Amino acid sequence: MFAVLQQQIPPLSRPESVTHAEVILAGEQPVVVLRHIAALSAAEQQSFVAAWPQARWFGEPEAGVFISWDGNSAPLSYQLEPQQITLQFAADDFIQVNAKVNQLMVSQAVSWLAPTAADTILDLYAGMGNFSLALARQAKLVHGVEGLSKMVQQAADNAALNKLDNVKFWQADLHLPWGKTAWNQPIYQKVLLDPARAGAEGAVKQLLALKPAQILYVSCNPATFARDAKAMLAAGYQLQKLAGVDMFPHTAHLELMALFSRQ
């Protein structure tokens with residue numbers, strides 16, 4: 001991939017216009033997303049495709065708009081093999097950066113929460129269903145809540161793709177008051193949340209009102225996790241399990257998975 005970029009970028013009419021290159025391995029399919037601040041001609045686009053035809057190539061001609069350069073409209077996807085889940089996604093969707101570690105996290109979440117046919121589970125910051133669908137394989141019902149409507153639709157499509165009719169997805173800004181909604185009900189035995197680096201301070205306070213028996217917190221920021229964990233401990237939960245997750249090898253970043261149980 002580096003050899004291709006080193007070969008293709010310098011001859012461009014404006015090589016400095018290519019600002020970022022994102023590389024994704026979608027299953028066995030390499031994908032390259034080039035972000036560029038000036039237009040690339042059709043000939044320039046096709047030179048990238050010709051240099052590495054095995055890859056899928058996407059450009060970003062304007063912010064938030066991603067165009068396939070090879071004319072292939074097939075969705076991208078990856079698999080959670082132990083759970084027999086296929087997750088489709090778009091080139092600009094958020095996915096976990098480390099596929100192998102993500103699989104380990106999903107499997108550990110399923111193991112720690114141990115869903116049963118009697119469990120109704122809430123998945124907050126659900127994204128496109130990375131955890132929700134795996135949990136739905138064993139649970140009675142899963143409600144996934146996500147802030148981006150585009151991701152909510154992708155999650156619902158992934159549920160249909162995997163023939164799971166016991167999982168529903170909802171759009172909501174979890175940091176604002178939840179209000180009376182179909183999913184904001186004290187019906188959950190178990191909850192999983194996987195917020196961004198800012199943590200889930202507002203969401204945790206409202207989540208505690210639902211009084212689930214177990215909460216599995218997946219964090220990419222130990223500092224905001226510690227803040228949110230204090231609220232759970234003060235509400236009568238106890239920390240049962242804690243694991244570090246090396247999602248970003250050779251960096252200082254560490255993800256955490258923590259299981260809390262209500263006493």
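Helix 222-234 axis versus longest C-alpha principal axis of the chain: approximately 20°, rounded to the nearest ten. With the highest mean first, a sort of the peptides 102-113, 59-70, 136-147 on other beta-carbon atoms found within 10 angstrom per residue produces 136-147, 102-113, 59-70.
The magnitude of the dipole of the chain, with charges of +1 and -1 set on the Cβ of Lys/Arg and Asp/Glu and taken from the Cα centre, is near 1000 debye. Express in whole angstrom the spacing between the alpha-carbon centres of the range 160-220 and the range 1-76. Value for the Cα centre distance between the two parts: 36 Å. With the biggest extent put first, the Cα atoms of the chain measure 65, 39, 34 Å across the principal axes.
Peptides 14-22, 253-261 ordered by packing proxy, namely the average of other Cβ atoms within 10 Å per residue, highest first: 253-261, 14-22.
Highest-first packing order for the peptide set 231-243, 87-99, 211-223 is 211-223, 87-99, 231-243, based on the mean count of other beta carbon atoms within 10 Å.
Taking the DSSP bridge list for the chain and keeping only pairs wholly inside it, about 55 percent are antiparallel.
Accessible surface for the chain, divided over its residues, is 49 Å² per residue with a 1.4 Å probe.
Here the 3J(HN,Hα) profile of the range 22-39, calculated from phi with Karplus coefficients 6.51, -1.76 and 1.60 at θ = phi - 60°, is 10, 10, 10, 9, 8, x, 9, 9, x, 10, 10, 10, 9, 9, 9, 9, 9, 5 Hz, Gly and Pro shown as x.
Cross-link partners for K163 among the lysines, with Cα-Cα distance under 18 Å and sequence neighbours closer than 8 places in the same chain left out: K140. If you wrap the range 119-197 in the convex hull of its Cα atoms and look at it from every side, the mean projected area works out to 4.9 nm². Helix 42-51 against the longest principal axis of the chain: what's the angle in degrees, Cα atoms only, rounded to the nearest 10? Once rounded, one gets 80 degrees. When the range 51-149 is described by a simple charge dipole with +1 on each Lys and Arg Cβ and -1 on each Asp and Glu Cβ, the residue from N130, Q54, S111 located farthest towards its positive end is S111.
The 3J(HN,Hα) values that the Karplus relation (6.51, -1.76, 1.60; θ = phi - 60°) gives for the range 177-183 are, in residue order, x, 6, x, 8, 9, 5, 9 Hz. Gly and Pro appear as x.
If you take the alpha carbon atoms of the range 30-154 and fit the smallest convex hull around them, that volume is 114 Å³ per residue.
When the accessible area of the range 1-159 is split by element with a 1.4 Å probe, what percent falls to carbon and sulfur? Taking all protein chains in place, the range 1-159 shows 56 percent carbon and sulfur surface. Compared with the dominant principal axis of the Cα atoms in the chain, helix 149-161 is inclined by about 80°. In this structure, the amide hydrogen of E255, modeled 1.01 Å from its nitrogen in the peptide plane, lies closer than 5 angstrom to those of V245, M247, F248, counting only residues at least 5 positions away or on a different chain.
The values are calculated or read from the model by the stated rules, or taken from the named source; none is laboratory data. Computed from a predicted structure; not experimentally measured. Here the Cβ is made from the backbone with ideal geometry for all residues, glycine too, and neighbour counts use every protein chain on show. For accessibility, only protein heavy atoms count, side chains too; no ligands or nucleic acids. Shrake-Rupley method; radii C 1.70, N 1.55, O 1.52, S 1.80 Å.
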